[in-house]
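Okay, so here's the structure we're looking at.
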Amino acid sequence: MTDSIMSKAATMEIPINSNGDTGTLPEDDSLEQAAKLQWSLDEKVGSSRGTRDLQQVMVSGPNLNETSIVSGGYGGTAEGIIPTSSIKGPNMHHSSSSSSMTAEEITRGVAVEKLETMKKWGLNTYKCTKQMISERFGRGSRTVDLELEAQIEVLRDTKRKYENVLRLARALTNHFYNMVQTQHALGDTFADLSQKSPELRDEFGYNAETQKLLCKNGETLLGAINFFVSSINTLVNKTMEDTLMTIKMYENARLEFDAYRSDLEELSMGPRDAVAMARIDAAQQQYQVHKEKYERLRSDVTIKLKFLEENKVKVMHKQLLLFHNAISAYFAGNQQQLEQTLKQFNIKLRPPGADKPSWLEEQ
């Protein structure tokens, strides 16, 4: 029915009067009614279809994969249509954003930690410097352990004297090595002249044998002196030095302890309001921490000094006996006693074919 009405309206002729106005035709009312009827039918169909679509959206939600976005507006070409299936939401960047935020938080945490460490170091340095200046000018008090301080001073004096012994022993080794090398060269020269001078063959021969014997005994004595130097070097530059490093840590801990003790005493003499009491509690905690550190290191120093003294006596008793017996046997010309001394102290010499400077390489 609608198709017949629309086809009729499409073929209808509109008469025009002499003045150019359109005339009123009897079919105008039917045409208007047909148009209204078509509009009402389209509206009903559209509304019912829209109602079904709205119900579907409310039940299952919109299907984004089937929708599209027109970028060029109404009437745009197909090139302006972007399927929504190709658009990805912000979730694709969520993991990368989270990782970047985590890295940023870690970096910020490290920076804050370093800043806090620098702050504590600066405060501690200020307090220790203030305490040191006060002690130097006689305005501040310092904690003193008279017995321990005396033992530390004895150790430092002993180390200086042993370093002098070590320096002289190395000089003796160097000079004696040169003498042995000279005796070896002199013996070779005497032996050569003994072969080339028939009239003085026996005289050159006796001297060549004597120099070779002295050279052999000298190498044996060098082995003993080298062992003596090595043991003294270990005692001075390792054992004593290790104890002195602990003493240095103890002295630093003592300075920190006195600095925080003085700080606590100054705060205790001030006002007692809420802010001051909070500072006193914090200072009390720091004072207790440094007190425990000071007492622990003082105990370590006492123990190390005791063991160092026992070790020093044991080592020096053996080394001084070795040095005396070796020197006496060599200059007495007692080759058997010299070799027996090296066996007694388990000293092994290098084979005769070894290079001569090997004695100095171990210095």
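A few notes on this one:
- Among the residues of segment 114-142, the one identified as open to solvent by 90 Å² or more (accessible area, probe 1.4 Å), within 18 Å of His290 (Cβ to Cβ) and not in a helix (DSSP H, G or I) is Arg142.
- Scanning segment 227-262 for residues that are within 29 Å of Lys130 (Cβ to Cβ) and open to solvent by less than 10 Å² (accessible area, probe 1.4 Å) returns Ile247, Tyr250, Ala253, Asp258, Ala259.
- Filter pass, Glu199 being of a type in the set (Asp, Glu), loosely packed, with under 14 Cβ neighbours inside 10 Å and more than 30 Å from Arg156 (Cα to Cα): yes
- Top-ranked residue in segment 268-279 [being in a helix (DSSP H, G or I) and farther than 17 Å from Lys120 by Cα; ranked as least open to solvent (accessible area, probe 1.4 Å)]: Ala276
- Matching option when the condition is open to solvent by 90 Å² or more (accessible area, probe 1.4 Å) and not small (Gly, Ala, Ser), among Arg156, Arg108: Arg108
Residue-by-condition table, conditions (1) surrounded by 10 or more Cβ atoms within 10 Å (Cβ to Cβ); (2) modelled with pLDDT of 60 or more:
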{"position": "Gly72", "(1), (2)": "yes, no"}
{"position": "Glu79", "(1), (2)": "no, no"}
{"position": "Lys88", "(1), (2)": "no, no"}
{"position": "Ser95", "(1), (2)": "no, no"}
{"position": "Ser100", "(1), (2)": "yes, yes"}
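The values are calculated or read from the model by the stated rules, or taken from the named source; none is laboratory data. Keep in mind the model is a prediction, meaning the values are calculated, not measured. Positions of Cβ are backbone-derived with ideal geometry, glycine not excepted, and every protein chain shown enters the neighbour counts. Note: accessible area is taken over every heavy atom of the protein model, side chains too, but ligands, DNA and RNA are not part of it. Shrake-Rupley method; radii C 1.70, N 1.55, O 1.52, S 1.80 Å.
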